[in-house]
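Just below is one structure, and these are the notes that go with it.
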Amino acid sequence: MATDFPGVELRARRVRVGEGVRIGAGTVIVADDLVLGDGAVIGPGCDLRSARLEVGAGGQVGADSRWLVADEAVLGVGTVVDAGADVVCRLWSVGEGSYFGQRLRIGAGASMEENSVVRIGHRCQIAPDVTVNPTMPVVIGDGVGISAEVAVFTHGYHAGHSVRDGHGAAFGGVEVGDGAWLGFRAVLLPGVSVGAGTVVAATATVTRSLPAGVLAAGVPAEVKRALEPVALDAAARREAVAGLLESWTQRLRFKGLTVEAMGAQGATLRWQVTGSDRCWQVVWHPQDGELPGVAEVSRNGADASAVFDFAEPLTVRGVLDDLGHDLRDFLRRATWLFPYAGNSRGLLPGRFARLLD
């Protein structure tokens, strides 16, 4: 294996490596079982150690990451952990299509314990500089958003406040339900749960469990109101999507692509997008009745195209190329989360790219 990955030290008893795997120089991997799916990427300078270490197809581990996970460290298909992650726990499992920003920290004291378990679901978006302390289990559901500098603690005591003097020693797992959103610098204390779809405002400290579907804020966090969103009907969706596509084409111009509106045919909108060496057609096909419509991205001269269907549940058909991934990433930022095997990243604007040459 050393000849396959120059400058990489692999110490593994059983190894399964898929096609197109890349491992950066200076990386050390220690495992009993190592599984790297097709197209997995591990950056340079990493030190990854676990009894079972698995990175699913298209998954990525950023440079200079340090993992010490006793039993199992598993990233699902397309999950990305950005650079500088520092992970110490017994078990860490992540579903498909999740993203972790730079300098993730799982540990923060007393995380080599029998209950030091972290389970994170599918399609979560976790910003940089998040800290998770798993002395007790931490369970995070699907589609959860966690903003920068959020901290999750499962123990909270200090030797100067002893139990024998009447103080409490807090130990308790933390759960975050599907679709919840934790705002900037929110803090979750031991034993709490955050219900599905609940929003925790920036800088709030959660000391007691919160129900589903509410907005909570303050120190300590209190429920301010119930969240009662009304879903867009098909007509409102059509209008919203047309506006999103117009905004996206403006973004493409900023990125250095040439975008020409081809004129409307009824309610259908068409654009031609041209890069330095490629050309695409983008078409918005609104539909009647209860179906909002589909957006199609096709490259000139290619048979395949990608079709974004804006009916529920959101779906993508076909294969995404660079422009398709850019659209999916733009829509994600606008909270239209289209499932696809892997994270999408937008095209780098030319004015930035030229400085990296």
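The values are calculated or read from the model by the stated rules, or taken from the named source; none is laboratory data. Just so it is clear, the model here is predicted, and its values are computed rather than measured. Note that each Cβ is placed from the backbone with ideal geometry, even for glycine, and that neighbours are counted across all protein chains shown.
State yes or no: is residue 4 of a type in the set (D, E, K, R) and at pLDDT below 95?
Criteria met by residue 4.
Name the residues in region 110-128 that are touching a strand residue (DSSP E or B) at 6+ places or on another chain (Cβ under 8 Å) and more than 19 Å from residue 72 (Cα to Cα), would you?
Across region 110-128, the qualifying residues are 124, 125, 126, 127.
Matching residues to (1) polar (S, T, N, Q); (2) within 18 Å of residue 53 (Cα to Cα); (3) touching a helix residue (DSSP H, G or I) at 6+ places or on another chain (Cβ under 9 Å); (4) surrounded by 17 or more Cβ atoms within 10 Å (Cβ to Cβ):
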{"position": "87", "(1), (2), (3), (4)": "no, yes, no, yes"}
{"position": "116", "(1), (2), (3), (4)": "yes, yes, no, yes"}
{"position": "121", "(1), (2), (3), (4)": "no, yes, no, yes"}
{"position": "150", "(1), (2), (3), (4)": "no, no, no, yes"}
{"position": "159", "(1), (2), (3), (4)": "no, no, no, no"}
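If I filter region 161-180 down to residues being among the small types (Gly, Ala, Ser) and surrounded by fewer than 12 Cβ atoms within 10 Å (Cβ to Cβ), which single residue comes out as nearest to the chain's Cα centre (by Cα)?
Applying the filter and picking the extreme gives 168.
Rundown of residues vs (1) among the aliphatic types (A, V, I, L, M); (2) in contact with a Ser or Thr (Cβ under 9 Å, 6 or more places away or on another chain); (3) touching a residue at least 12 places away in the same chain (Cβ under 8 Å); (4) under 22 Å from residue 119 (Cβ atoms), yes/no style:
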residue: 170; (1), (2), (3), (4): yes, yes, yes, yes
residue: 174; (1), (2), (3), (4): yes, yes, yes, yes
residue: 209; (1), (2), (3), (4): no, yes, yes, yes
residue: 218; (1), (2), (3), (4): no, yes, yes, no
residue: 245; (1), (2), (3), (4): yes, no, yes, no
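Any chance region 73-80 includes a residue that's outside any loop (DSSP other than H, G, I, E, B), of a type outside the set (Lys, Arg), touching a residue at least 24 places away in the same chain (Cβ under 8 Å) and touching an Asp or Glu at 6+ places or on another chain (Cβ under 9 Å)?
Looking through region 73-80, at least one residue is outside any loop (DSSP other than H, G, I, E, B), of a type outside the set (Lys, Arg), touching a residue at least 24 places away in the same chain (Cβ under 8 Å) and touching an Asp or Glu at 6+ places or on another chain (Cβ under 9 Å).
When you go through 93, 50 one by one, which is the residue that is surrounded by fewer than 19 Cβ atoms within 10 Å (Cβ to Cβ), over 11 Å from the mean Cα position of the chain (by Cα), at pLDDT 95 or above and not assigned by TED's automatic domain parsing to the domain that holds residue 344?
The conditions single out 93.
Looking at (1) under 21 Å from residue 152 (Cβ atoms); (2) touching a Leu at 6+ places or on another chain (Cβ under 9 Å), can you tell me which one residue 76 breaks?
(2)
Inside region 132-170, can you point out the residues that are assigned to a loop (DSSP other than H, G, I, E, B) and charged (D, E, K, R)?
Matches in region 132-170: 142, 149.
Given the conditions (1) surrounded by 15 or more Cβ atoms within 10 Å (Cβ to Cβ); (2) over 21 Å from residue 82 (Cβ atoms), which single one is not true for residue 332?
(2)
Please find, among 198, 207, 203, the residue that is in contact with a Pro (Cβ under 9 Å, 6 or more places away or on another chain), farther than 24 Å from residue 123 by Cβ and among the polar types (S, T, N, Q).
Of 198, 207, 203, the one residue that is in contact with a Pro (Cβ under 9 Å, 6 or more places away or on another chain), farther than 24 Å from residue 123 by Cβ and among the polar types (S, T, N, Q) is 207.
What tally of residues in region 152-168 results from selecting those that are free of Cβ contacts under 8 Å to residues at least 24 places away in the same chain and closer than 17 Å to residue 220 by Cβ?
Final tally of qualifying residues: 1.
So, in region 90-116, exactly how many residues are out of contact with any Cys (no Cβ under 7 Å at 6 or more places or on another chain) and at negative phi?
Residues meeting the conditions: 17.
For region 13-47, give me each residue that is within 17 Å of residue 69 (Cβ to Cβ) and either among the β-branched types (Val, Ile, Thr) or not assigned by TED's automatic domain parsing to the domain that holds residue 81 (or both).
27, 28, 29, 30, 35, 42, listed by residue number.
Under the condition of being under 16 Å from the mean Cα position of the chain (by Cα) and either among the acidic types (Asp, Glu) or assigned to a strand (DSSP E or B) (or both), which residue from region 110-131 is farthest from residue 88 (Cα to Cα)?
Checking each candidate, the answer is 125.
Tell me, yes or no, whether region 336-345 has at least one residue that is surrounded by 19 or more Cβ atoms within 10 Å (Cβ to Cβ), in contact with an Asp or Glu (Cβ under 6 Å, 6 or more places away or on another chain) and touching a residue at least 12 places away in the same chain (Cβ under 8 Å).
For region 336-345, residues surrounded by 19 or more Cβ atoms within 10 Å (Cβ to Cβ), in contact with an Asp or Glu (Cβ under 6 Å, 6 or more places away or on another chain) and touching a residue at least 12 places away in the same chain (Cβ under 8 Å): present.
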